[in-house]
1. I'd like the distance separating the alpha-carbon centroids of region 282-315 and region 340-398, in whole Å.
2. Rounded to the nearest 10 Å², what accessible area does Lys398 show when all protein chains are kept and the probe is 1.4 Å?
3. Going highest first, how would you order 286-296, 357-367, 120-130 by mean Cβ packing within 10 Å?
4. Sequence gap at least 6, Cα distance under 8 Å: using those rules, report the relative contact order of region 16-106 to the nearest whole percent.
5. Sequence gap at least 6, Cα distance under 8 Å: using those rules, report the relative contact order of the chain to the nearest whole percent.
6. What aspartates and glutamates sit close enough to Lys303 to cross-link, taking a C-alpha to C-alpha distance under 19 Å and skipping anything fewer than 8 places away on the same chain?
7. Using the structure shown, list the pairs from Lys308/Lys332; Lys244/Lys343; Lys244/Lys332; Lys297/Lys324; Lys243/Lys359 with a Cα-Cα distance above 19 Å, or answer none.
8. Around Thr370, with a cut-off of 11 angstrom between Cβ atoms, what is the net charge of the other residues, counting Lys and Arg +1 and Asp and Glu -1?
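The values are calculated or read from the model by the stated rules, or taken from the named source; none is laboratory data. Being a predicted model, the structure only gives us computed values, none of them experimental. Please note: Cβ atoms are built from the backbone with ideal geometry, for glycine as well, and neighbour counts cover all protein chains shown. Quick note on the areas: whole protein, heavy atoms, side chains included, nothing else; ligands and nucleic acids left out. Shrake-Rupley method; radii C 1.70, N 1.55, O 1.52, S 1.80 Å.
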Amino acid sequence: MDMLESAACCRVPDRWAFLYRVIWRWTHGEHDVQSPADADGARLHGMVKAVRREEHDMHAYIRFRERPLDAGPPQFAAWFEPRHDVLPRVAEHFKNRMGGVTWMIGTPDASVMWDGATLHHTGPLMSSAADLIDTGEALWLTYYRSIFNPARVNAQLLQSHIPSRFWKNLPEGAIVPAMVSNAELGARSTGQAQAVGRKSGATIPIAPLDAQPERQQPSKLDECRRCELWQFATQAVPGAGPKKAPIMLVGEQPGDQEDLAGEAFVGPAGKLLDRVFEAAQLERRTIYLTNAVKHFKWEPRGKRRLHKTPAQREVEACHYWLEKELAAVKPKVIVALGATALKSVLRDGKAKLGDMLGKAIEHEGRWVVTVYHPSYILRVPDEETRHQAFNVMVEGLKLAQQLLERQPEEPAAQGGS
């Protein structure tokens with residue numbers, strides 16, 4: 001039903017006839033209609049993917065403008081031109097994100113307004129973004145011009161990150177082409193020349209970390225700028241679970257679905273982890289789940305976002321948040337899922353997964369058990385290796401439960417025995 005509801009939002013000429021055929025086949029026992037290997041199933045998955053991508057783009061590129069106070073509610077208004085009928089679904093997202101603030105989103109076909117308590121859906125109320133007036137927009141454009149660095153502009157990267165169809169409705173879209181053009185005509189070299197010192201200085205032997213100025217640390221995860229990953233992720237993904245949990249599972253980083261949903265382990269790896277919990281006789285709601293890195297690191301592959309392993313400096317930068325979680329949750333046992341999580345937990349960039357699998361070690365007054373990351377099981381090609389890796393995870397979680405009754409200074413059972 002989730003797939004059908006998503007596909008019903010996809011604007012293709014024959015969507016209702018197609019969805020009727022899908023339902024007809026399903027009710028007549030042809031359950032392979034939901035498989036990507038089936039012709040209709042492949043098209044169904046494609047429609048769902050297109051709708052989810054449009055929802056993501058609307059979350060990312062919609063721009064609210066503040067209306068004058070004397071104009072009355074809504075306080076904020078936005079214009080967007082979606083390719084698919086995703087407005088009602090996206091409205092639920094902004095309702096949860098913006099609380100009691102009143103807002104409206106207009107599209108060429110429909111509008112939705114939130115009055116702080118109820119969503120109101122109606123027909124089109126605006127014709128374009130030109131209908132919106134924001135007195136603070138001039139200040140924003142002045143700020144945008146001031147932080148623009150012509151020496152670092154990369155027009156191709158800019159276009160790959162933000163598709164061209166979104167630029168016309170972004171305030172800065174009107175000034176970016178001119179600034180890029182000026183950079184290509186000489187502002188880039190001028191900007192570089194201004195940054196180069198006229199005299200060579202003496203080399204001072206000092207570690208890079210010691211040379212960093214003291215800065216106020218972020219208090220909220222959404223405000224984190226400790227590394228560059230925040231620029232390319234939809235949102236930071238916090239840990240989830242009881243405020244005080246005896247076992248904490250630490251993964252590598254959010255995946256594509258976690259990045260869109262803002263929740264840890266809700267994608268394919270999370271579903272496999274649920275199977276591991278069941279086999280180990282553990283309830284997910286009793287475990288605190290988090291990641292070593294809180295932002296999704298990815299690289300484009302066509303229209304897909306493929307996982308990219310975080311660099312050690314990014315793992316180190318994000319350890320600040322893991323320390324906060326450890327101090328708040330106070331787990332007795334940490335289960336590290338994979339090599340990146342192990343390096344983060346131990347603060348050791350040279351730690352090797354193969355040396356630690358299925359074993360329990362004491363670290364800073366806690367037990368640490370290392371198992372495979374569930375995404376590894378999803379990637380391996382042969383059934384025997386998948387089965388072996390699955391068993392390592394199950395035995396590791398069983399060992400974690402046993403360690404709850406044992407102090408870290410006591411000898412630990414190795415290999416899950």
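1. 16
2. 80
3. Averaged packing, sorted descending, gives the order 286-296, 357-367, 120-130.
4. 20
5. Reported relative contact order: 9 percent.
6. Glu54, Glu55, Asp57, Asp256, Glu258, Asp259
7. Lys308/Lys332; Lys244/Lys343; Lys297/Lys324; Lys243/Lys359
8. Summing Lys and Arg as +1 and Asp and Glu as -1 gives +2.
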